[in-house]
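What follows is a short report on a single structure.
The values are calculated or read from the model by the stated rules, or taken from the named source; none is laboratory data. All figures in this text were calculated on a predicted structure; none of them were measured in a lab. We place every Cβ from the backbone using ideal geometry, glycine too, and count neighbours over all the protein chains shown.
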Amino acid sequence: MRKICHHATRKRAIDRIQLKDIFQAKCIGANTIGVKIDKFGVVPDSLLEELKKAEHRSVPPKFILLVPTGSNPTGGTATLERKKEIYKVLL
């Protein structure tokens with residue numbers, strides 16, 4: 001994570017992220033922002049809403065960390081349809 005975040009100022013995070021991930025982000029100066037999840041992972045509308053807020057504040061994210069298969073700690077796996085929805089949000 002250190003290499004990815006080296007110049008990052010923002011980190012997107014799910015609402016059930018593990019404390020060790022938040023700690024790692026804080027150690028390198030990245031901020032975390034919660035995004036709602038359900039049993040299929042990140043909720044696309046929530047991700048879009050947070051991206052719009054960041055754009056409005058003129059602080060776009062440097063990267064977005066998503067775990068679409070076997071997300072820890074929930075174990076959730078995104079369906080193909082959910083992955084496509086998230087992809088559309090990120091384009």
Within the stretch 57-65, does at least one residue satisfy the condition of being of a type outside the set (Phe, Trp, Tyr), on the phi < 0 side of the Ramachandran plot and free of Cβ contacts under 8 Å to residues at least 24 places away in the same chain? yes
Check off (1) closer than 18 Å to LEU90 by Cβ; (2) modelled with pLDDT of 80 or more; (3) touching a helix residue (DSSP H, G or I) at 6+ places or on another chain (Cβ under 9 Å) for GLU50 and give me the number that stays unchecked. (3)
Going through PHE63, PHE23 one at a time, which residue ends up being surrounded by 13 or more Cβ atoms within 10 Å (Cβ to Cβ) and either at pLDDT below 85 or not aromatic (Phe, Trp, Tyr) (or both)? PHE63
Which members of the stretch 27-47 meet the condition of being within 13 Å of VAL89 (Cβ to Cβ) and among the aliphatic types (A, V, I, L, M)? VAL35, VAL42, VAL43, LEU47
Residues being assigned to a loop (DSSP other than H, G, I, E, B), out of contact with any strand residue (DSSP E or B) (no Cβ under 7 Å at 6 or more places or on another chain) and within 20 Å of ALA30 (Cβ to Cβ) - total across the stretch 42-72: 5
